[in-house]
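Reviewing the structure listed below.
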Amino acid sequence: MKFINYLEKIGGVDILGLTSFGIFFIFFIVMLTWVFKTDKRKIEEISRIPLDNPEQ
Amino acid sequence: MQVEKFCYDNKIVKAFGYATVIFAVVGMLAGLWAAIQIYAPATSLNLAPTTFGRIRPLHTNAIIFAFVGNCIFTGVYYSLQRLCKARMFSDKLSWIHFWGWQLIIAAAAVTLLMGYTSGKEYAELEWPIDIAITLIWVVFGINMFGTILQRREKHLYVAIWFYIATWVTVAMLHIVNSFEIPVSFMKSYSWYAGVQDALVQWWYGHNAVAFFLTTPILGLMYYFLPKAANRPVYSYRLSIIHFWALIFIYIWAGPHHLLYTALPDWAQSLGTVFSLMLIFPSWGGMLNGLFTLRGAWDKVREDPVLKFMVVAITCYGMATLEGPLLSLKNISAIAHYSDWIIAHVHIGGLGWNGFMAFAMLYYLVPKMWDTQLYSKKLATNHFWLGTIGIILYAVPLYWAGFTQTLMWKTFTPEGQLKFQFLESVTNIIPMYITRSVGGGLYLAGALLMCYNLAKTIAAGKFIANEAAEAAPLPKNIKHGKEHWHRWIERRPLTLLVVSLIVVVIGGVVEMIPAFLVKSNIPTITSVKPYTPLELQGRDIYVREGCYTCHSQMIRPFRDEVARYGEYSKAGEFVYDHPFQWGSKRTGPDLARIGGKYPDSWHYNHMDDPTSMSPGSVMPAYPWLLDDALDTASTPAKIRVMQKLGVPYPAGFDKTANQDLTAQAEAIAARLKKDKIETPANKEIVALIAYLQRVGTDIKLEQQAAAGKTTMQ
C-alpha cells in the first residue's frame with residue numbers, strides 16, 4: 001500500500017528528460033506539418049459545421 | 001440519400017441551464033459572504049458551518065463544479081446534438097447525469113459545511129462523493145460518446161475535440177488525485193504524503209483549471225461564437241494547433257504552484273518552462289476568437305451575447321498571459337501567498353467563465369423558447385455591472401497583493417523586519433472592502449440576468465423537442481488516400497485515446513521521479529509520526545479549513561526565515577496525509593508555529609483571536625473549547641496510517657488512546673498553571689497538541705547536532 005520510494009535510484013534518469021523532449025518535438029512537427037499541408041477547402045467546409053443548421 | 005427526421009432534446013439543456021443560473025447565484029453569494037468575513041470576522045456568526053474555512057471551499061466548489069459544471073453540460077448537451085446532427089444517445093442517461101450531478105452538489109454543500117473535507121484544495125469532497133462523481137462522469141461519457149458514434153455529420157468539429165479531451169482528462173485527474181484510504185464513512189486520508197501529495201494535488205489543481213474551467217469553455221467558444229456572430233471561426237487551422245498544443249502543454253505546468261517550496265528543483269523548473277510555452281496556444285485561441293469578429297464589430301455594439309463574449313475572451317487572454325508570468329520564479333516570489341493570486345483567478349473566473357456562461361444563456365434562452373430576449377437594455381446593464389464589478393474586484397486585490405508582499409519583505413536599516421504580519425492585514429482592509437463591493441456589483445448583474453431570462457421565458461413557448469433532419473452517414477466510407485488527422489477526427493475513440501496519451505505523458509514525466517527516486521525527498525531522521533492526540537488535532541485543523549488562510553511552507557527567503565524560522569524541507573512532511581502547505585497567507589505561515597507560544601495563548605486565541613492579537617481578522621472557534629474529542633476514531637485512524645506506511649509500532653492502534661489521554665492531561669495541566677481550567681477531552685486540547693508539534697521535529701535534529709559538536 002505504501003507509495004513511497006520503491007527505488008533508491010533510477011538508472012539513467014536523463015533518458016526520461018530526453019525522451020519527453022523527443023516526444024514533444026516530434027509531436028509538434030507532425031501537427032504543424034499537417035496543419036500547413038492540408039487542403040484549404042476541406043478545412044473551410046469543416047469550419048462551417050456549426051453554421052449549417054436549419055435554424056440559421 | 002434518404003433524409004432522416006429526428007429531434008434535438010432541449011429539455012435536458014433547459015434543466016442544466018436552470019441549474020447553471022441557480023448555482024451561479026448560490027456560488028457568488030458564498031463568495032461574497034467569504035469576502036465580507038475577511039474584514040468583518042463577526043459575520044461568520046461564530047458558528048462552525050459558516051466560518052471562512054468552510055464557506056471558502058463551499059464557494060470554490062460551488063463555482064467550479066456547480067456553476068461552471070452545469071454551464072458546461074448545458075452547452076455540451078445543446079451543441080453536441082447539433083454538431084453531430086443527432087439527438088443525445090439516451091434520454092435516460094441524460095437525466096441520470098443531470099440528477100446525479102445535482103445530488104453530488106447538494107451532498108457537497110452539506111458535507112463541506114459540516115466540516116467533512118479531504119483538505120486538498122478544489123478536491124475537498126470526501127471519498128463517497130468522489131466515487132459518485134466518478135460514476136456520474138462515466139454516465140456523461142457514455143452519453144457523449146454514444147451521441148458521437150450515432151452522428152450524421154462525418155467530421156468532428158473542433159468543439160467536440162475539446163469536449164472529448166475534457167472528459168478523458170478530468171476523469172484521469174479526478175481518479176489519480178482522489179486516491180485515499182477511508183477511515184470511516186466521510187473521513188479518509190490521502191494515499192500520498194507531503195511533497196508527493198503536493199505534487200499530485202497541484203498537478204490536479206492546475207489541470208482542473210485547464211480541463212474544467214478552460215478546455216470545455218473553449219469548446220463552447222468555438223461553437224457559440226460562430227453561432228452568435230453568424231460566421232465561421234477565424235482560422236480553423238489555428239483551432240487545431242490551439243487544441244493539440246493546449247492539451248499537450250497544460251498538463252506539465254502544475255508545479256508552478258509550488259515554486260520555492262520543498263518540491264525538488266527540477267520539477268519546479270519543468271513547471272516554469274511549460275507554463276511559459278502555454279502563452280502561445282492560449283493566445284492563439286484568444287486571437288482566433290477575437291479575429292472571428294473581424295469586420296463584425298458593429299454587431300458587438302448591438303448584441304449583448306457578443307459583448308459578453310468579447311470581454312470573456314479578452315479576460316481569457318489576460319489571465320493566460322498573467323499565468324505564465326506568475327510562474328516565473330522571481331514573480332512567483334512576490335505574488336505567491338498574496339491576494340494577487342486571488343485577483344488573477346477571478347479575472348479567469350468572473351471574466352472568462354462567468355461571462356461565457358452569461359453569453360451562452362442569453363443566446364440559448366431566446367432560441368429554445370422561440371422568442372426575443374425580453375430586454376437588450378437590461379442585458380447591456382448586466383454587462384456593464386459585471387465589467388465594472390470585475391475591475392472593482394481585481395484592481396484592489398492586485399494592489400493588496402503588492403502591498404502585502406512589500407510589507408512582508410521590508411527590513412529596517414538595522415536589519416529587522418519592519419512590519420508585523422498583522423499590520424500587513426489591517427493595512428489592506430480597505431482593499432478587501434472594495435473587492436467585496438466589486439463582487440456585489442457582479443452578483444447584482446447576475447440577478448438582473450435572472451429577471452431578464454425569467455421574463456423572456458414567460459413570453460416564449462418552450463420547444464422541448466426541436467425538429468431537425470439530416471442524411472445518415474454512409475455505412476462504408478472509403479478511406480483511400482486521406483490525411484491522418486481527418487482519419488483521427490472521424491474516429492472519436494481514436495481521438496480519445498490520443499488525447500489521453502498526450503495528457504498522460506506530462507503527468508508521468510512529472511510524477512515518476514518524484515515518487516520513485518528517494519533522493520528527491522531526503523530523509524530527516526528526527527521527523528517522527530504524529531502522536532495520536534496530534535493526529536486528531538491535525539484532523540481538526542483540516543476540518544476547520546485552516547489551510548484556506550494559513551500556509552505551512554516557509555520559502556528560503558531572508559524575510560520568511562526571519563519572520564517564521566528555518567525554511568521548510570521536503571523530508572519534514574513525509575507523514576503528512578494530506579499535506580497542508582496551503583496557497584494563501586491571509587494569516588501568517590504556521591510551518592514553525594510549534595513552541596512559539598504557550599498552550600494558553602492558543603487556547604485564548606482560538607476562543608477570541610483579538611484577545612491575543614488585537615485587530616486580528618481570524619474568526620473565533622469557541623466550539624473547540626466545548627466539544628469533546630471523538631477518540632473512538634483513533635484506532636481506525638492509526639490503522640489507516642499504518643497501511644499508508646507511517647511507522648507506528650504493531651498493535652499501536654489498541655494502546656493509542658491511552659497515549660492520547662496521557663498527552664491531553666499533560667496539556668490540561670499546563671493550561672491549569674496558566675489559570676485555564678479545561679477538561680482534557682476537549683477538541684481544543686488536541687488542536688493545541690498539533691499546533692505545538694508543527695515544524696518542531698527539525699529542531700530536535702539541530703539540537704542533536706549541536707549536542708554532538710559540544711561533545712567533540
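The values are calculated or read from the model by the stated rules, or taken from the named source; none is laboratory data. Source: prediction; values computed, not measured. Here Cβ is always computed from backbone atoms with ideal geometry, including for glycine, and neighbour counts include all displayed protein chains. Side chains included, ligands, DNA and RNA excluded: accessible areas come from the protein's heavy atoms. Shrake-Rupley method; radii C 1.70, N 1.55, O 1.52, S 1.80 Å.
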Requested in this report: Mind listing just one residue for me: the one in segment B:204-233 that is more than 16 Å from B:PHE291 (Cβ to Cβ) and not in a helix (DSSP H, G or I) and, of those, nearest to the other protein chains (Cβ to nearest Cβ)?
Outcome: B:THR214
Requested in this report: Report, by residue number, each residue of segment B:110-132 that is in a helix (DSSP H, G or I) and touching a residue at least 60 places away in the same chain (Cβ under 8 Å).
Outcome: B:THR111, B:LEU113, B:MET114, B:TRP127
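To keep it simple, each residue is scored yes or no on (1) under 17 Å from B:PHE248 (Cβ atoms); (2) more than 7 Å from every other protein chain (Cβ to nearest Cβ); (3) at pLDDT 65 or above; (4) outside any helix (DSSP H, G or I).
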position	(1), (2), (3), (4)
A:ILE4	no, no, no, yes
A:GLY11	no, yes, no, yes
A:GLY22	yes, yes, yes, no
A:VAL30	yes, yes, yes, no
A:VAL35	yes, no, yes, no
A:ARG41	no, yes, yes, no
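Among the listed residues B:ILE64, B:ILE55, identify the single one that is surrounded by fewer than 21 Cβ atoms within 10 Å (Cβ to Cβ) and within 18 Å of the chain's Cα centre (by Cα).
B:ILE64
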Report task. Scan segment B:137-185 for residues that are under 27 Å from B:MET641 (Cβ atoms) and part of a loop (DSSP other than H, G, I, E, B) and jot them down. Result -> B:SER178, B:PHE179, B:PHE185
Report task. Select from segment A:43-54 the residues that are at the interface with another protein chain (Cβ under 7 Å from one of its Cβ atoms) and at pLDDT below 85 and write down the one among them that is most open to solvent (accessible area, probe 1.4 Å). Result -> A:PRO54
**Report entry** First in segment B:545-556 and in a loop (DSSP other than H, G, I, E, B), second anywhere and aromatic (Phe, Trp, Tyr) and open to solvent by 10 Å² or more (accessible area, probe 1.4 Å), Cβ under 7 Å, 6 or more apart
**Finding:** B:CYS549/B:PHE52; B:ILE554/B:TYR564; B:ILE554/B:TYR567; B:ARG555/B:TYR260; B:ARG555/B:TYR567; B:PRO556/B:TYR260; B:PRO556/B:TYR567
Query raised in the report: Does segment B:78-89 include one or more residues that are more than 23 Å from B:ALA228 (Cβ to Cβ), of a type in the set (Ser, Thr, Tyr), surrounded by 21 or more Cβ atoms within 10 Å (Cβ to Cβ) and in contact (Cβ under 8 Å) with a residue 40 or more places away in the chain?
Result: no
Query - Candidates B:ILE251, B:ILE279 - the one that is aliphatic (A, V, I, L, M), more than 11 Å from chain A (Cβ to nearest Cβ), buried (at least 24 other Cβ atoms within 10 Å of the Cβ) and closer than 24 Å to A:SER20 by Cα - result: B:ILE251
Query - Members of segment B:403-424 found to be part of a helix (DSSP H, G or I), open to solvent by 10 Å² or more (accessible area, probe 1.4 Å) and either out of contact with any Phe, Trp or Tyr (no Cβ under 6 Å at 6 or more places or on another chain) or on the phi > 0 side of the Ramachandran plot (or both), listed by number - result: B:THR403, B:LEU406, B:TRP408, B:LYS409, B:PHE421, B:LEU422, B:GLU423
Report summary line: Going through (1) away from chain A (no Cβ under 11 Å); (2) buried (at least 24 other Cβ atoms within 10 Å of the Cβ) one by one, B:VAL195 fails only at (1)
Requested in this report: Being under 21 Å from B:TRP581 (Cα atoms) and open to solvent by 10 Å² or more (accessible area, probe 1.4 Å) is the filter here, so list the residues in segment B:254-276 that pass it.
Outcome: B:HIS256, B:HIS257, B:TYR260, B:THR261, B:ALA262, B:PRO264, B:ASP265, B:TRP266, B:SER269, B:LEU270, B:THR272
Query raised in the report: Restricting to segment B:52-98, what's the tally of residues that are part of a helix (DSSP H, G or I) and either small (Gly, Ala, Ser) or within 14 Å of chain A (Cβ to nearest Cβ) (or both)?
Result: 14
Query raised in the report: Take the residues of segment B:638-654 that are more than 14 Å from every other protein chain (Cβ to nearest Cβ) and open to solvent by less than 60 Å² (accessible area, probe 1.4 Å): which is farthest from the chain's Cα centre (by Cα)?
Result: B:GLY651
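When the residues of segment B:558-585 are filtered to those that are basic (Lys, Arg) and not in a helix (DSSP H, G or I), which remaining residue is most open to solvent (accessible area, probe 1.4 Å)?
Ranking the candidates gives B:LYS569 first.
Conditions (1) polar (S, T, N, Q); (2) at pLDDT below 85; (3) not in a helix (DSSP H, G or I), marked per residue:
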position	(1), (2), (3)
B:ILE240	no, no, no
B:TRP244	no, no, no
B:TRP266	no, yes, no
B:THR272	yes, no, no
B:SER275	yes, no, no
B:PRO281	no, no, no
B:MET286	no, no, no
B:GLY289	no, no, no
B:ASP298	no, no, no
**Report entry** Residue check, B:VAL574 over 22 Å from B:HIS206 (Cβ atoms) and either among the polar types (S, T, N, Q) or without any contact (Cβ under 8 Å) to a residue 40 or more places away in the chain (or both)
**Finding:** no
Report task. Name the helices (runs of 4 or more DSSP H) wholly inside segment B:614-704 in which the number of residues that are of a type in the set (Val, Ile, Thr) is 3 or more. Result -> B:634-643, B:652-673, B:683-693
Requested in this report: For segment B:670-680, state whether one or more residues are surrounded by fewer than 21 Cβ atoms within 10 Å (Cβ to Cβ) and more than 19 Å from B:PRO598 (Cα to Cα).
Outcome: no
